[in-house]
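Below is one structure, written out as structure tokens; comments come after it.
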Amino acid sequence: MKLAARGFAPEAVGEVLAGLKSAGMQDDARFAEAYVRGRVAKGYGPLHISRELGERGLGDELVRQVFTAMDLDWEERIRAVRQKKFGRQAPMDFREQARQSRFLQYRGFTSEQIRREFNNSE
């Protein structure tokens with residue numbers, strides 16, 4: 001926890017967080033939804049976003065629930081990200097497809113999503 005790292009007593013941090021949670025001012029699900037919306041808007045895929053949420057202390061189950069509740073169209077998102085970076089035309093050769101694949105993997109899209117994007121763009 002950031003507060004504990006800054007010298008606050010762990011007991012005090014726990015009490016304050018519990019109070020905020022009971023007052024409805026702190027909600028992990030609400031935070032996760034807002035975070036996912038922001039990262040999707042910046043062009044990141046589900047793997048990247050899941051990893052970042054895990055680094056922020058959110059569990060895998062909560063992340064899955066948020067993704068399910070938001071019902072994101074990842075095929076549409078990967079297409080928009082690829083076209084923004086590389087244009088509408090499909091890659092002309094294997095080398096260019098590999099380059100685009102690496103970019104999309106870095107952005108956190110799955111291998112299956114990338115494969116489908118290139119199969120649909122031909």
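Which numbered condition in (1) in contact with a Phe, Trp or Tyr (Cβ under 7 Å, 6 or more places away or on another chain); (2) over 28 Å from ASP28 (Cβ atoms); (3) charged (D, E, K, R) is the only one that GLU96 fails?
The failed condition is (1).
Name the pairs: first residue in the stretch 74-86 and β-branched (Val, Ile, Thr), second residue open to solvent by less than 80 Å² (accessible area, probe 1.4 Å), Cβ to Cβ under 6 Å, at least 6 apart or on different chains?
Going by the 6 Å Cβ cut-off, the qualifying pairs are ILE78/PHE109; ILE78/GLN113; ILE78/GLU117; VAL81/GLY43.
Does LYS2 satisfy the condition of being exposed (fewer than 12 other Cβ atoms within 10 Å of the Cβ), under 21 Å from GLU75 (Cβ atoms) and free of Cβ contacts under 8 Å to residues at least 24 places away in the same chain?
no
Restricting attention to the stretch 76-103, which residues are exposed (fewer than 12 other Cβ atoms within 10 Å of the Cβ) and either outside any helix (DSSP H, G or I) or in contact with an Asp or Glu (Cβ under 7 Å, 6 or more places away or on another chain) (or both)?
Result: GLY87, ARG88, GLN89, MET92, ASP93.
Can you tell me which residues in the stretch 80-93 are touching a Phe, Trp or Tyr at 6+ places or on another chain (Cβ under 8 Å) and either more than 22 Å from ALA41 (Cα to Cα) or polar (S, T, N, Q) (or both)?
Within the stretch 80-93, ALA90, PRO91 meet the criteria.
Considering SER50, SER101, which residue is out of contact with any His (no Cβ under 9 Å at 6 or more places or on another chain), in contact (Cβ under 8 Å) with a residue 12 or more places away in the chain, farther than 30 Å from LYS2 by Cβ and of a type in the set (Ser, Thr, Tyr)? Let's see the steps before the verdict.
Numbers: SER50 fails: farther than 30 Å from LYS2 by Cβ.
Only one candidate passes the filter, namely SER101.
From the list ASP28, ASP73, which one is of a type in the set (D, E, K, R) and either over 30 Å from LEU3 (Cβ atoms) or open to solvent by 60 Å² or more (accessible area, probe 1.4 Å) (or both)?
Numbers: ASP28 fails: either over 30 Å from LEU3 (Cβ atoms) or open to solvent by 60 Å² or more (accessible area, probe 1.4 Å) (or both).
Only one candidate qualifies: ASP73.
Select from the stretch 49-61 the residues that are surrounded by 16 or more Cβ atoms within 10 Å (Cβ to Cβ) and at pLDDT 95 or above and list them in ascending order.
Going residue by residue through the stretch 49-61, those that are surrounded by 16 or more Cβ atoms within 10 Å (Cβ to Cβ) are 49-50, 52-53, 58.
Of everything in the stretch 49-61, those that are surrounded by 16 or more Cβ atoms within 10 Å (Cβ to Cβ) and at pLDDT 95 or above turn out to be ILE49, SER50, GLU52, LEU53.
How many residues are open to solvent by 40 Å² or more (accessible area, probe 1.4 Å), within 18 Å of HIS48 (Cα to Cα) and in a helix (DSSP H, G or I) if we restrict to the stretch 104-122?
Qualifying residue count, the stretch 104-122: 5.
The values are calculated or read from the model by the stated rules, or taken from the named source; none is laboratory data. Computed from a predicted model, the values in this text were never measured in an experiment. Neighbour counts are summed over all protein chains in view; Cβ atoms, including those assigned to glycine, are modelled from backbone coordinates with ideal geometry. Ligands, DNA and RNA are excluded from the accessible area calculation, which covers all protein heavy atoms including side chains. Shrake-Rupley method; radii C 1.70, N 1.55, O 1.52, S 1.80 Å.
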